[in-house]
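Below is one structure, written out as structure tokens; the observations come after it.
The values are calculated or read from the model by the stated rules, or taken from the named source; none is laboratory data. None of the values given here were measured: they were computed from a predicted structure. Every residue, glycine as well, gets a Cβ built from its backbone with ideal geometry; the counts of neighbours run over all protein chains shown. Ligands, DNA and RNA are stripped out before the accessible areas are found, and what is left, the full protein with its side chains, is counted by its heavy atoms. Shrake-Rupley method; radii C 1.70, N 1.55, O 1.52, S 1.80 Å.
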Amino acid sequence: MELVVGDLEAIRRTRILNEQYSSVAPQDKPLNTQINSRIIKGHRLSVNYCQFLNEDRFILSCSDDKTTKLWSTTTSKCIETFQHEKSKAIRKAHVNPNNCEFVNCGDDKRILYWDMEHKQMIWSGEHKGIVMDCRVSHNGKLLASCSDLDNQIKIWDRRAPKAFNNLQDFHKKTSTCLRFTQEDDKIVSTSFDGTTSIFDLRTNRAIITLTGHKNIVSCCALTLNDHFLVTGGWDKILNIWDIAIGKYRTAGPISLQGHEGSISCCVFGLEGKWLVTGGYDNLIILWDLTEYREQYRLTEHINWIHGVDIAKSQRSILSCSRDRTIRVWDIDNISSISALLPGNDFIPRVLQCERCNKTFIPLNDYQNTMLLLCTYCKLDSCLNKYSL
């Protein structure tokens, strides 16, 4: 069979998808849905973080390609690229609630604070090791960052490049994820040491230490009222902790299992009734927290999921991956989308054409199709082939 030039990458990616599905026995196939996703491309390497901002009109992302990019949610076009000449891979970025500034951090051992409107770096701060995470407080006045060598969590005043608080011996090993509580008086930190701690910034001490994971705790998220905390880790387990009432002290956390690989990211829905998680199994899972069960799986990414976010409108999910793409998932009518039960031989899905980027529903022979192209592009390929 003669291949059309330009289709090799599409073939490779489609084969990977097919291999993933063919390796799962029919009775073991998860719930999948016909949720449409729109692909945003532009980063040259792994996309490590993504976030909606400014009433969901824009998206901020950062990448191993040393850049942080601002995108239009409507057009999927890159509006601005932020890059410092000394930067290395960017691991995390987070927008100030004022939507005019953001902080990013990465392998150059620095955190950089940017003025988004004027496209300028305002100041930079340093750690002794790679900076694993950085976060802006809800009131926009404070920043937090953590690194992999000194096991320190630094608290910064966003108006000055000097850390005014160094939280040492907070963990025995590297912190992986930081979150401010709603009142910005506490910080939640997860760690390589398998623990999650909550640190009171007023008294400068850890007030809660959670030990429910068997391996590295990689991510965490809080509900809007700080009632519940979810943690995810390399043990493939999600633990939901009632930190407001403290039920976990007697009953332990509520544990959820569904990911087939390490969990890398998580975020609560607005009312805390559902949860979105991503992992190194290339899966995004939507969880129903009213019944504590897995509701849907999104399977279009072909490499590790690094970040997820939920739109303020609750109509879209945002995800980014090591496959160099960002995806915007339309969940506005998710309650009316029929999930396919395990055991179906064919999984209908809405895909995006590798050539024209338009979405299409593949025919029933999708599992045997070697090109991830819509019908029109396939016909065009055939015409071009035989016209040579």
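Observations on the structure shown:
- Accessible area of residue 216 (1.4 Å probe, protein heavy atoms only, ligands and nucleic acids ignored): about 20 Å².
- Within the shell defined by Cβ-Cβ distances under 14 Å, the residues around residue 316 carry a net charge of 0, with Lys and Arg each +1 and Asp and Glu each -1.
- Within-14-Å neighbourhood charge of residue 136 [Cβ basis; K, R +1; D, E -1]: +2
- The string of couplings for segment 119-133 from the Karplus curve (6.51, -1.76, 1.60, θ = phi - 60°) is 6, 10, 7, 7, 7, 9, x, 10, 10, 7, x, 4, 7, 7, 7 Hz, one whole number per residue in order, with x for Gly and Pro.
- Database remark: amide H of residue 201 closer than 5 angstrom to the amide H of 186, 187 (H placed geometrically; neighbours at sequence offset of 5 or more, or on other chains; Pro and chain starts carry no H).
- Ordered by solvent-accessible area of protein heavy atoms (1.4 Å probe), largest first, the residues 58, 82 come out as 58, 82.
- Within segment 32-339, the proportion of C-alpha pairs whose separation exceeds 33 Å stands at 17%.
- Put simply, when 205-213, 308-316 are sorted by average Cβ atoms within 10 angstrom per residue, most first, you get 308-316, 205-213.
- Greater than 19 Å apart at Cα, pairs in 154/186; 66/172; 128/173; 86/128; 173/214; 41/119: 66/172; 41/119
- Gyration tensor (alpha-carbon) shape descriptor, segment 80-144, a/c threshold 1.5: oblate
- Dipole-positive endmost among 329, 53, 63 within segment 32-339 (Cβ charges, Cα centre): 63
- Overall dimensions of segment 155-291, expressed as equivalent-ellipsoid semi-axes from the Cα gyration tensor (√(5λ), whole Å, largest first), are 25, 17, 15.
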